[in-house]
1. Looking at the structure I just gave you, is L91 open to solvent by 10 Å² or more (accessible area, probe 1.4 Å), under 18 Å from A148 (Cα atoms), in the same structural domain as I128 (by TED's automatic domain parsing) and touching a residue at least 40 places away in the same chain (Cβ under 8 Å)?
2. Test of understanding: among E318, E300, which residue is surrounded by fewer than 22 Cβ atoms within 10 Å (Cβ to Cβ) and within 22 Å of E352 (Cα to Cα)?
3. What number goes with the only condition from (1) of a type in the set (A, V, I, L, M); (2) out of contact with any Gly (no Cβ under 9 Å at 6 or more places or on another chain); (3) within 12 Å of the ligand (Cβ to nearest atom) that M286 does not pass?
4. State the number of residues belonging to segment 96-107 that are surrounded by fewer than 21 Cβ atoms within 10 Å (Cβ to Cβ) and touching a residue at least 60 places away in the same chain (Cβ under 8 Å).
5. Taking segment 355-398 as the region of interest, how many residues are away from the ligand (no atom under 16 Å from the Cβ) and under 22 Å from V231 (Cβ atoms)?
6. Confirm whether R299 is closer than 20 Å to F346 by Cα and part of a helix (DSSP H, G or I).
7. Looking for whichever is modelled with pLDDT of 95 or more and under 11 Å from I309 (Cα atoms) here; the options are L366, L332. Which one fits?
8. Applying the selection to segment 374-408, what residues are basic (K, R) and under 25 Å from the mean Cα position of the chain (by Cα)?
Amino acid sequence: MSLVNVIGLGYIGLPTALMLAKSGNEVVGTDLNSKLVNSLNAGKLTFQEDGLEELFQAALANGMTFSTEYQKSDTYILAVPTPYIEESKKLDPKYVISAVNNVLDVCDKGAAIVIESTISPGTIDRHIRPIIEARGFVIGEDVHLLHAPERIIPGNMIYELEHNSRTIGADSPEVAEKIKAIYESFCQAEIVLTDIRSAEMSKVIENTYRDVNIAFANELAKICRTDDIDVYEIIKIANKHPRVNILQPGPGVGGHCISVDPWFLVGDYPDLTNLILAARKINDSMPRHVLGRIRDIMREHNITDISKIGLYGLAYKENVDDTRESPTLQLLERLDEHLAFGVKVFDPFVTERMVDHQFMNFEDFLNEVEVVVVMVGHDHIKQNMDKIEDKLVLDTKNICTFEGAYKL
Ligand code: SAJ
């Protein structure tokens, strides 16, 4: 079996590379970040995820290696970041472009370049084909292009790598079959073959669907707040309907997928994305809504000192250490804009200092605050409910088991 060179060893690339190696493929993981590569070569993982350590050991036992160099190979899987440009909301393909260029420098004739990174619909046609052709490569002969977007959810990545259905978009059915066989070495679910544009679009709309659904729940939360109705009860009842499935309201939408991908559609189809844009705005407004609720509680209890407020959770969701686009960081930014400093922060998963007034010890944090705002529903807080019971609590995740907590 030939070598698979996985490019980009972040949240998606690393688990994917390890899973391929564990499943018997010869794999080299490449990342330009030498610190990260050194850490992996020294046997140290670069982020936490359930089951990742075991997977890492299994991959190492199968001879997997890590390098800053692109390898000579006929199969490349690219999982590099695809950020968006703040002003235009369009995808910035610079990392994918440079990875493809690096691949072209070393690859075998006929190599398959599989892009796993989420890209906006049309990216491969607009940005990737032209650079390959400009370098004199004939697509379909010298190299083959594929798009195999990932679907795994942080917190349950390892299980989902093996059990989620996936999509492979390709120009050529034969090459698609060849790559499908590689993914089948670990993926037990259906692998759908399609064209590249459909693969690009389906990935982005999956995350957009979820963003719109969460926005609906968040709008309901605001409506219910004005009339003092329990939004969770409403959603629970509505979801008994066999064709209704409303997601949960929360303090905002974070992470590098659901809060980002819809912008690709808004950026590319500004005249056609009314609903998608409205959903983005609603979800982005939630940290401000939480601030309003904090203000309500402070007024009701005559608290004037903002430093008596403690935010529990910095990660973008429960049981992960990933803070990208996290609602708590969004909320702290709003506070900064209003020159309101001093709010305390604690997250048991975030052990690096990221913001001012961040506590590393839960008890110290609790000793300093009167109001605890539950921003993330980590298992840790569920197991420590008794420690916050005597505080004023704003529970934005609806996880508190005691009476009297304020809700969204
Ligand atoms: N959230 C809510 N209410 C909900 C569910 C989530 O407010 O009912 C919030 C979360 O708290 C979080 C954000 O939404 O801040 C996103 O969290 P998530 O767990 O829904 O999703 P991600 O961003 O961790 O992962 C998503 C997944 N996509 C879908 O479920 C359609 C995952 O399968 C993708 O692989 C990933 O995006 C990606 O990389 O695209």
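The values are calculated or read from the model by the stated rules, or taken from the named source; none is laboratory data. Quantities reported herein were computed from a predicted structural model and do not represent experimental measurements. Reconstructed Cβ throughout: ideal geometry from the backbone, glycine too, with neighbour counts over all protein chains shown. What goes into the accessible areas is simple: the full protein's heavy atoms, side chains included, and nothing from ligands, DNA or RNA. Shrake-Rupley method; radii C 1.70, N 1.55, O 1.52, S 1.80 Å.
1. Values: open to solvent by 10 Å² or more (accessible area, probe 1.4 Å): yes; under 18 Å from A148 (Cα atoms): yes; in the same structural domain as I128 (by TED's automatic domain parsing): yes; touching a residue at least 40 places away in the same chain (Cβ under 8 Å): yes.
Criteria met by L91.
2. Numbers: E300 fails: within 22 Å of E352 (Cα to Cα).
So the residue among E318, E300 that is surrounded by fewer than 22 Cβ atoms within 10 Å (Cβ to Cβ) and within 22 Å of E352 (Cα to Cα) is E318.
3. (2)
4. Step one: list which residues in segment 96-107 are surrounded by fewer than 21 Cβ atoms within 10 Å (Cβ to Cβ), which gives 97-98, 101-102, 104-106.
When the remaining residues are screened for being touching a residue at least 60 places away in the same chain (Cβ under 8 Å), the result is 102.
Looking only at that region, the number is 1.
5. First, the residues of segment 355-398 that are away from the ligand (no atom under 16 Å from the Cβ): 355-372, 383-393.
Cutting the leftovers down to under 22 Å from V231 (Cβ atoms) gives us 371-372, 385, 388, 392-393.
Qualifying residue count, segment 355-398: 6.
6. Values: closer than 20 Å to F346 by Cα: no; part of a helix (DSSP H, G or I): yes.
No, not satisfied.
7. Numbers: L332 fails: under 11 Å from I309 (Cα atoms).
Of the residues listed, the single one that is modelled with pLDDT of 95 or more and under 11 Å from I309 (Cα atoms) is L366.
8. First, the residues of segment 374-408 that are basic (K, R): 382, 387, 391, 397, 407.
The answer is K382, K397.
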